[in-house]
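One structure below.
The values are calculated or read from the model by the stated rules, or taken from the named source; none is laboratory data. From a predicted model like this one, the values you see are computed outputs, not experimental measurements. Reconstructed Cβ throughout: ideal geometry from the backbone, glycine too, with neighbour counts over all protein chains shown.
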Amino acid sequence: MAQPGLFAEPDALKPLAERMRPASLEDVVGQTRLLAEGSAFRRAVQSGRLHSMVLWGPPGCGKTTLALLLANYAEARFESMSAVLCGLPEVRKVLAAAEARFTAGERTLLFVDEVHRFNKTQQDAFLPHIERGYILFVGATTENPSFELNSALLSRCRVHVLEPVAPVDLKRALQRALLDVERGLGGRGIQIDESNLDLIAQAADGDVRRALTLLEIAAELAEGEGGEITETTLTQVLADRTRRFDKGGEQFYDQISALHKCVRSSNPDAALYWLCRMLDGGCDPAYLARRLLRMSIEDIGLADPRAQQMALEAWDTFERLGSPEGELALAQVTLYMASTAKSNAGYVAYKSACAEVSSSGTQDVPLHLRNAPTKLMKSLGYGEQYQYDHDLEGGIALDQTGFPDAMGEQVYYRPVARGLELKLKDKLDALRAVRSKARGERGEGA
């Protein structure tokens, strides 16, 4: 049961989002998977038998609120610090105080916001205190713990994933704030219809804090207009809304991965969606141009060599036109690349040849392929028996190897039966068959 006094008398100066913080698990909106009735996590919280943990989720999903509730249910003293504002001296001071309280029989829940911003030394400072039980450690992060937190810290904590709050749950939080007389906007005569409430919930983009902040701003504007939050009011409030996007963070890499994979899987509509999501989030268009060029080489390749040239031209067009007009060039090449034939045969061939070079050591160039600009070199056999392809019927020396003698002929490039590579495949298959036959007749083997 919630401990009386944790949430003090509402302060009118506090933001609405702060005033409306849930006082119990029943008040939390969203996180239905983690906090479902009967779930292991919910049972542990309600019993007060908690473990050190890392809460990983986007902004405004309830990480701080959940940490406050954990301290309440565990009857522990709540201590909070931000990795953005605190250094190692502050960490040591807080840990020393927690150890003293532990000795006196009092538990401490230490909430570390933005824990991924602490360096390795700072993260390591928590380890002995977690092990000895001096603190119940709760870290909050918007970044993937696998990449941002030390393995030593992760081994002592459970990672719980929090999800963006769905619009339907955000709407419940908004309705609760409108009705709550003590902490919310109840009793102030604020009116809003369902459709406009839905607009706020959608604009909040999974963030409860943002949803309540937008409602509070809209309510302040509406109070001077008869108390009704209209569509006109929301046009002002929602004009500068933005989507979740963290340049250089996991969301950034998730979205570029989605764009790349949708181009690869020939889904132009989905590819265009992710391109627009990244542009909307503030991604550098030049970065997207580089990635599109990479896709044209890695995933389309010789199935449609025009894609590489088009990607270069789109990049050049953007550099000349700038934003926003130049972004249309990136959109068009994205659509083309997602729609055209695909092949990674060139990419696979390159990797295979690199692996061969790495494993086979230094192999001599065959004598017939060596240049012979001096008499000495000619006397040593350089260039001897070389067949000049243009002088031969068909323009190809069919029984002349191009590999070091110790290796024999190798096949790295295997064109796919798609796009231009279909023609390349037919030609190379025929050439390789003739060359194999010629080697067999000379007794070299296939």
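Out of (1) out of contact with any helix residue (DSSP H, G or I) (no Cβ under 7 Å at 6 or more places or on another chain); (2) surrounded by 15 or more Cβ atoms within 10 Å (Cβ to Cβ); (3) at pLDDT below 90; (4) farther than 18 Å from Arg117 by Cα, what's the single condition that is false for Gly38?
Result: Gly38 fails condition (2) only.
Identify the residue in segment 137-165 that is loosely packed, with under 15 Cβ neighbours inside 10 Å and either among the charged types (D, E, K, R) or touching a residue at least 12 places away in the same chain (Cβ under 8 Å) (or both) and, among all such residues, is farthest from Ala211 (Cα to Cα).
Here the answer is Ala152.
Hey, can you tell me all the residues within segment 12-43 that are among the small types (Gly, Ala, Ser) and under 31 Å from the mean Cα position of the chain (by Cα)?
Of everything in segment 12-43, those that are among the small types (Gly, Ala, Ser) and under 31 Å from the mean Cα position of the chain (by Cα) turn out to be Ala17, Gly30, Ala36, Ser39, Ala40.
Which members of segment 240-265 meet the condition of being exposed (fewer than 14 other Cβ atoms within 10 Å of the Cβ) and modelled with pLDDT of 90 or more?
Residues satisfying the conditions are Ser257, Ser265.
Run Leu136 past the list (1) within 26 Å of Ala36 (Cα to Cα); (2) assigned by TED's automatic domain parsing to the domain that holds Ala76; (3) modelled with pLDDT under 95 and report the number of the one that doesn't hold.
Leu136 satisfies all of (1) within 26 Å of Ala36 (Cα to Cα); (2) assigned by TED's automatic domain parsing to the domain that holds Ala76; (3) modelled with pLDDT under 95 except (3).
Can you tell which of Tyr336, Tyr350 is modelled with pLDDT of 95 or more and of a type in the set (Phe, Trp, Tyr)?
Tyr336
Return the residues of segment 398-446 that are surrounded by 15 or more Cβ atoms within 10 Å (Cβ to Cβ), β-branched (Val, Ile, Thr) and modelled with pLDDT under 85; say none if nothing qualifies.
Residue satisfying the conditions is Thr401 alone.
List the residue pairs whose Cβ atoms are under 6 Å apart, where the first residue sits in segment 296-312 and is on the phi < 0 side of the Ramachandran plot, the second is crowded, with 21+ Cβ neighbours inside 10 Å and of a type in the set (Val, Ile, Thr), and the two are 6 or more positions apart or on different chains.
Close Cβ pairs satisfying both conditions: Ala307/Ile300; Met310/Val333; Ala311/Val333.
Given the conditions (1) among the charged types (D, E, K, R); (2) in a loop (DSSP other than H, G, I, E, B); (3) over 30 Å from Asp304 (Cα atoms), and given that Lys437 satisfies all but one, which numbered condition is not satisfied?
Among (1) among the charged types (D, E, K, R); (2) in a loop (DSSP other than H, G, I, E, B); (3) over 30 Å from Asp304 (Cα atoms), Lys437 violates only (2).
One line per residue, one yes/no per condition, for (1) in a helix (DSSP H, G or I); (2) assigned by TED's automatic domain parsing to the domain that holds Leu422; (3) of a type outside the set (Lys, Arg):
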| residue | (1), (2), (3) |
| --- | --- |
| Leu279 | yes, no, yes |
| Cys283 | no, no, yes |
| Leu292 | yes, no, yes |
| Glu298 | yes, no, yes |
| Arg320 | yes, no, no |
| Ala331 | yes, no, yes |
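Quick check on segment 335-345. Is at least one of its residues closer than 30 Å to Ala406 by Cα, touching a residue at least 24 places away in the same chain (Cβ under 8 Å) and surrounded by 13 or more Cβ atoms within 10 Å (Cβ to Cβ)?
Yes, there is a match, as at least one residue in segment 335-345 is closer than 30 Å to Ala406 by Cα, touching a residue at least 24 places away in the same chain (Cβ under 8 Å) and surrounded by 13 or more Cβ atoms within 10 Å (Cβ to Cβ).
Results for (1) at pLDDT below 90; (2) of a type in the set (Phe, Trp, Tyr); (3) outside the structural domain of Glu75 (by TED's automatic domain parsing), shown as yes or no for each residue.
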position: Ala2; (1), (2), (3): yes, no, yes
position: Phe7; (1), (2), (3): yes, yes, yes
position: Ala17; (1), (2), (3): no, no, yes
position: Arg21; (1), (2), (3): no, no, yes
position: Glu26; (1), (2), (3): no, no, yes
position: Arg42; (1), (2), (3): no, no, no
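Would you mind stating whether Val237 is at pLDDT 90 or above and within 30 Å of the chain's Cα centre (by Cα)?
no
Select, from Glu325, Glu409, Glu384, the only residue that is free of Cβ contacts under 8 Å to residues at least 60 places away in the same chain, part of a loop (DSSP other than H, G, I, E, B), within 30 Å of Ala286 (Cβ to Cβ) and among the charged types (D, E, K, R).
From the options Glu325, Glu409, Glu384, the qualifying one is Glu325.
Conditions first: (1) assigned by TED's automatic domain parsing to the domain that holds Tyr287; (2) under 15 Å from Tyr413 (Cα atoms). Leu312 passes all but one, so which condition is the exception?
Unmet condition: (2).
So Ala372 passes all but one of these: (1) surrounded by 15 or more Cβ atoms within 10 Å (Cβ to Cβ); (2) farther than 30 Å from Ile300 by Cβ; (3) out of contact with any Lys or Arg (no Cβ under 8 Å at 6 or more places or on another chain). Which condition number does it fail?
Condition not satisfied by Ala372: (3).
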